[in-house]
Amino acid sequence: MGARRALRLPQCPARSSAPPHEMSGLNSSPSPRWNDPVPPIHSTATPSSTRPIRAACLRCLTALLLLTISLGSTAQSIDLYEGETRVEDQSEGARGAALPQALANVAIKLSGDPQVVQNGALASGLGNASEWMQNYRYREDARIENGVPVRTQNLIARFRPDAVDQWMRESGIAVWPAPRPAITVWLGIDDGRGARLVAEAQAQAVNALTRRAAERGIALLYPLLDIEDQSAIQVDQVWREDLSALRAASARYDNRAVLAGRLQRNDNGWSAGWVLLDGDDALQRWSDAGPDASALLARAGDTAVDALAKRYARAALIGTPGRYRIAVSDLSSGVDYAQLSTYLRSLALVRDLQIDATRDGMLWITLDLAAGLESLDASLAVSRQLIPVGQRLDDVPVYRWQP
């Protein structure tokens, strides 16, 4: 069994405490342990001498619950200009030799295409990796392979966005612009002791899935599995791909893309089944099997990102670059105006913007776009904050602001 990492709650002032539950990552060695359900709480009389201690514990637990509620579940942050690759050591020579691969991984992340490095013009620019590097760091990973602990080191390098963007343009490679769709993940795992859903607190156990998606530029969000989630969906509904339940349970996380999967141990290793939803569409279904659960999870990350890239990245640069005018409704305050401006400037397609006027209850804006309005609409569909309403005023398309 791999090394276990204990999840410890803040300690309350008490005379004794039960040992914390533990959980390990998935690998090809014996099964990980999953947390047992929380045992029922029985009402008993409390001796007066222990009441101050119990009160302190309750205050501590209340604070912890409030903190959990306030934080919620969040997807990891993705830096599109950061590339990662394995190194033998942290020497200058090893770093210099690895930087071109790290830069190639940035190109894969930006384009959404794992074959992009086969582009000859792009490959010729990989020699500039050392010159374009802004900063770097290392991460050490530990995993179990065939029952043996294995440690590896990874170089994580960030490159200058201006240089990388110019390199991609000159190579004729379209960039999949921000914002990217995050994916809400509902994953049931049965290691032989019954199927359980993976919560945000347990996501380290399926880090192979999370990391592969991040390497491709997509953030994953795992559910809290709090009372609201448990009331909305059960593991058997994930197991049988109940699409209505999956969409309903995912609504609170406000991600258009949803990945539902089942991972099950069998005599030959592991088997997996997946479905990727994008809004009302079941974008792709697939199954996989093999001796190593981590490999199955990593392949699932690739397949999910590939499917989204086919839908969004290929539509990224449709239409002619230039200046386009739009009208935006439902702006009711100065805060709305500021938020809209910030949002538009965050879009990779928007090179510049100019506020023209306010009339007819709308804000009229001229956008300098790196592609046509078709690409803008495809990019807006990810976050759904600015919605095309399908109408035109004075031949200007109208959009509705809904932050």
In vacuo Debye scattering of segment 82-170, one point per C-alpha: log10 I(q)/I(0) at q = 0.13, 0.15 Å⁻¹? -0.45, -0.58
In debye, nearest 20, what is the charge dipole magnitude of segment 322-401 about its Cα centre with +1 on Lys and Arg Cβ and -1 on Asp and Glu Cβ, if you could check? 120
Could you sort the peptides 115-126, 205-216 by per-residue average Cβ neighbour count (10 Å cutoff), highest mean leading? 205-216, 115-126
Pairs of Cα atoms under 8 Å, at least six residues apart: use those to get the relative contact order of segment 230-363, whole percent. 13
Per the 1/(1 + (r/R0)^6) rule, R0 = 41 Å and r from the Cβ atoms of Q166 and A142, FRET efficiency to 0.05 is 0.60
Among the DSSP beta bridges whose two residues both lie in segment 183-312, what percent are antiparallel, rounded to the nearest 5? 70
Stretched out fully, how many nm does the piece from D242 to S77 gain, at 0.36 nm a residue minus the Cα gap? 56.5 nm
Inter-centroid distance (Cα atoms) of segment 96-168 relative to segment 195-263, Å: 28
With a ≥ b ≥ c taken as the square roots of the eigenvalues of the C-alpha gyration tensor of segment 322-401, please select rounded if a/c is under 1.5 and otherwise prolate if a/b is larger than b/c or oblate if it is not? rounded
So if each residue of separation counts as 0.36 nm, and I subtract the Cα-Cα distance between A94 and S124, what length gain in nm does that give? 8.8 nm
Calculated FRET efficiency, T152 and E374, Cβ-Cβ r, R0 35 Å, to nearest 0.05? 0.20
Spread of Cα-to-Cα distances over 5 Å intervals beginning at zero, given as percent, for segment 266-403: 2, 9, 16, 17, 14, 10, 9, 7, 6, 5, 3, 2, 1, 0
Rg (one decimal) and Dmax (whole number) from the Cα set of segment 128-271, in Å, equal 19.2, 54
Give me the one-decimal nm value for the distance between modelled label points at R193 and S341, 7 Å along each residue's Cα-to-Cβ direction. 5.7
As an exercise, use a Förster radius of 35 Å and the Cβ-Cβ distance of T320 and A251 to find the FRET efficiency, rounded to the nearest 0.05. 0.40
Step through the residues of segment 376-390 one at a time and calculate ³J(HN,Hα) from phi using the Karplus curve (6.51 cos²θ - 1.76 cosθ + 1.60, θ = phi - 60°), rounding each to whole Hz and writing x for Gly and Pro. 4, 4, 5, 5, 5, 5, 6, 9, 6, 8, 10, 10, x, 9, x
At what distance in angstrom do the alpha carbon centres of segment 297-351 and segment 357-403 lie from each other? 11
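Throughout, read-outs are computed from the coordinates displayed, never taken from laboratory work. What you see is a predicted model, and the numbers here were worked out from it, not measured in a lab. Here the Cβ is made from the backbone with ideal geometry for all residues, glycine too, and neighbour counts use every protein chain on show.
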